[in-house]
Amino acid sequence: IQNLHLKERVLIVQGKGDKERMVPFGEAAKIRLEAYLNEVRPQLVGTRVIDEVFVNYQGKPLSRKGIWKNFQIYEAKSGINAKVHTLRHSFATHLLAGGMDLRSVQELLGHSDLATTTIYTHIENSQLREAHKKFFPGHRTEDQEN
């Protein structure tokens, strides 16, 4: 809870290898977080002091396995086959597609090596090529001409 800064719309999280990351969030997430913190979480936690923002139905800190189980439920409902890590890929790809620079994406993902982050630029480029081929099948690109 102490790492959630609603006014600034930033959450500081501890990730793999005890790396600390600042995760920004938008206005819509802020509104939902406020509702969760004021209406839902108190009912789950009761009078206990729980440091973590997100708790399970028992009011205990939401575990990695709990997140995975919830993801499985949403995956089945949506009919989309994915992994929890797909959220990181989507996050990075959307940031890059929106114009964010690679160094900033590196910071948000907590990568120590920029080369690890550049993987997302290749994903973005290949996705763009595939979409272009699908929607403009008769159009030749420079890649096809060489």
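Throughout, read-outs are computed from the coordinates displayed, never taken from laboratory work. Every value quoted in this text rests on a predicted model; they were computed, and no experiment measured them. Glycine gets a Cβ as well: all are built from the backbone with ideal geometry, and neighbour counts include every protein chain shown.
Please work out the Cα convex hull volume for the stretch 1-62 and give it in Å³ per residue.
Output value, Cα hull per residue: 92 Å³.
Please get the size of the charge dipole for the stretch 1-62, origin at its Cα centre, with Cβ charges of +1 on Lys and Arg and -1 on Asp and Glu, quoted in debye to the nearest 20.
For this selection, approximately 100 debye.
From the cross-link list Lys19/Lys77; Lys16/Lys60; Lys7/Lys60; Lys19/Lys65; Lys77/Lys133, which pairs have alpha carbons spaced over 23 Å apart?
Lys19/Lys77; Lys7/Lys60; Lys77/Lys133
Calculate I(q)/I(0) for the chain by the Debye formula, one identical point scatterer on each C-alpha and no solvent, and give its log10 at q = 0.11 Å⁻¹ to two decimals.
Normalising to I(0) and taking log10 leaves -0.59.
So what are the ³J(HN,Hα) numbers for the stretch 104-110, from phi and the Karplus equation (6.51, -1.76, 1.60; θ = phi - 60°), rounded to whole Hz, Gly and Pro as x?
3J(HN,Hα) across the stretch 104-110, in whole Hz: 5, 5, 4, 4, 5, 7, x.
Spin-label point model (7 Å from Cα, Cβ direction): what's the Arg88 to Asp101 distance in nm?
2.4 nm
Rounded to whole Å and sorted largest first, list the principal axis extents of the Cα atoms in the stretch 58-121.
Ordered largest first, the stretch 58-121 gives principal extents of 39, 28, 17 Å.
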